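> Starting off with a structure, shown below.
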Amino acid sequence: MNILVINAGSSSLKSSLFQTVEGKVETTPLWQAQVDFTYRAGETLIQTRRRGGSWTPFPTSSSQTGIQALAPLFESLWQGEEALLPQVEALAAIGHRVVHGGSLYQRPTLITATVEQTIEQLIPLAPAHNPAALEGIRLLGQLAPGIPQVAVFDTAFHQQMPPAAAFYPLPYTWTEQGIRRYGFHGINHEYCARRAAELLNRPLESLQLITCHLGNGCSLAAIRGGKSVDTTMGYTPLEGLMMGSRSGSVDPGILIHQLRQGMSVEELDRVLNRESGLKGVSGLSSDMRTILEAIEAGHKRAELAFEMFVHRLRSQIGSMLMNLDRLDGLVFSGGIGENSAPVRAATCANLGFLGIQIDPVLNAGSPRNGDISTSDAAVRVLVISAQEDWAIATACLAVLQGQ
Ligand code: ADP
């Protein structure tokens, strides 16, 4: 079976074509594409590669813009001399990452006209992301009519959080209107929990874990027996940890103050989402690599940004911990979690009293999927490489198989 995955974001799109062998999705995709819609003013960069080889540019069509311009990219999979598939019908399913599924969707879902409408109705909750997913669903609906499309939601994994964790201490009528904590990055938190169980060679049902997804956006999940019981992101992906350019949680009184001072809602939105976090504090960049390089060069505000990032991360790991009655594993994932040994070292420093102790040599090696704790530590600290597209393809396969 061939499964095409589309992961459309606000300014970029990633796509992968996977094959299944003996009922499992192969880990190396047959084909991958990455699209940067903001490469240069008015210019889109499309690159493709086969079987994990090197990336090569794919010519862009100048007449179309946005996701519509990607029609030739997808059609090249089943049309032309280089086509990987004999015809479009060779696709068993198309899986889409959809950031917001609201309270309605707890599982990957076959996309029908109703599901499509619901994703559209949820746009106010994810204005940067749900429209892109919807455009992708519509484009593939035109290009590959009749091929089942599946929505895999970033919110779904957290939908079973208990009300005490999911609701805000606001008037209950607001909660009834849907103002509650949804949580995000669920595809990767769930994947990390399953992968941790494999690496530890223990059943997922027996494990109590904290997973740290640290990329441009950052969130934590407390996971008991494979179920998310708390997470740091909330109604929107702005709550919780300090991130690349997002503030994470701050005193809402500050926002009231700024609005009273005459700041517009749009400006407040921009500052909190794009001008805060590592970027806002350091004045340099939202990119952790730049922050670490600047610290080496003696940049004081970069150092402050790093210390604040770690302080908030540790505080919220502490908060996740209180949802569990023991901790079996602490998982680091996402661009920062997988690659930044200094962030992992600072996060785990002096936590021996919790049973967390990492081996500096193993940590410095940043294993792709591996255990970096000392052999006698009670808590296993794992680094797990995010495989979002593979996880989406696997979810699609489960939907096709009626699971
Ligand atoms: P996204 O959330 O957009 O998928 P990623 O998961 O790719 O983003 O994470 C991007 C973050 O990962 C950036 O802050 C980047 O600096 C950081 N990162 C990537 N490689 C390294 C590295 N070697 N050391 C430290 N940070 C890194």
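Since every read-out is calculated from the coordinates, none of them should be taken as a lab result. In this text, all values refer to a predicted model and were calculated from it rather than measured experimentally. Ideal geometry is used to build each Cβ from the backbone, glycine not excepted, and the neighbour counts take in all protein chains shown.
> Sort out which residues of the range 155-168 are part of a loop (DSSP other than H, G, I, E, B) and under 13 Å from Gly234 (Cβ atoms), and write them in order of number.
Kept after step one, since they are part of a loop (DSSP other than H, G, I, E, B), are these residues of the range 155-168: 155, 159-162, 167-168.
Listed by number, the residues that qualify are Thr155, Met161, Phe167, Tyr168.
> Next question. Using beta carbons and a limit of 9 Å, which pairs, at least six apart or on different chains, have the first residue in the range 338-349 and within 12 Å of the ligand (Cβ to nearest atom) and the second one among the basic types (Lys, Arg) and not in a helix (DSSP H, G or I)?
Between residues of the range 338-349 that are within 12 Å of the ligand (Cβ to nearest atom) and residues that are among the basic types (Lys, Arg) and not in a helix (DSSP H, G or I), the close pairs are Glu338/Arg368.
> Filter the range 191-215 down to the residues that are surrounded by 24 or more Cβ atoms within 10 Å (Cβ to Cβ), within 16 Å of the ligand (Cβ to nearest atom) and not in a strand (DSSP E or B) and list them by number.
Tyr191, Cys192
> Taking Arg274 as the residue in question, decide whether it is within 10 Å of the ligand (Cβ to nearest atom) and surrounded by fewer than 17 Cβ atoms within 10 Å (Cβ to Cβ).
On the way: within 10 Å of the ligand (Cβ to nearest atom): no; surrounded by fewer than 17 Cβ atoms within 10 Å (Cβ to Cβ): yes.
No: the conditions fail for Arg274.
> Go through the residues of the range 218-229 one by one and say whether even a single one is more than 20 Å from Glu338 (Cβ to Cβ), buried (at least 21 other Cβ atoms within 10 Å of the Cβ), hydrophobic (A, V, I, L, M, F, W, C) and in contact (Cβ under 8 Å) with a residue 40 or more places away in the chain. First the steps, then the outcome.
Restricting attention to the range 218-229, the residues satisfying the condition of being more than 20 Å from Glu338 (Cβ to Cβ) are 222, 224-229.
Those still in the list that are buried (at least 21 other Cβ atoms within 10 Å of the Cβ) too: 222, 228.
Narrowing further to those that are hydrophobic (A, V, I, L, M, F, W, C): 222.
Filter once more, keeping what is in contact (Cβ under 8 Å) with a residue 40 or more places away in the chain: 222.
Checked against the condition, which is being more than 20 Å from Glu338 (Cβ to Cβ), buried (at least 21 other Cβ atoms within 10 Å of the Cβ), hydrophobic (A, V, I, L, M, F, W, C) and in contact (Cβ under 8 Å) with a residue 40 or more places away in the chain, the range 218-229 yields at least one hit.
> Something else now. Considering only residues of the range 353-368 that are part of a loop (DSSP other than H, G, I, E, B) and not charged (D, E, K, R), which is nearest to the ligand (Cβ to nearest atom)?
In the first step, residues of the range 353-368 are kept if they are part of a loop (DSSP other than H, G, I, E, B); the result is 355-357, 359, 365-368.
With not charged (D, E, K, R) added as a condition, the list becomes 355-357, 365-367.
Values: Gly355: 26, Ile356: 21, Gln357: 22, Gly365: 12, Ser366: 8, Pro367: 13 Å.
Only one residue tops the list, namely Ser366.
> Still on this structure, I have one more. Return the pairs, sorted by first residue and then second, in which the second residue is acidic (Asp, Glu) and assigned to a loop (DSSP other than H, G, I, E, B), the first residue lies in the range 369-398 and is more than 20 Å from Ser340 (Cβ to Cβ) and within 15 Å of the ligand (Cβ to nearest atom), the beta carbons are less than 9 Å apart, and the residues are 6+ apart or on different chains.
From the range 369-398, the pairs are Trp390/Glu26.
> Anything in the range 1-44 that is part of a strand (DSSP E or B), within 16 Å of the ligand (Cβ to nearest atom) and either surrounded by fewer than 17 Cβ atoms within 10 Å (Cβ to Cβ) or among the basic types (Lys, Arg) (or both)? List them, or say none.
Matches in the range 1-44: Ser12, Lys14, Asp36, Thr38, Tyr39.
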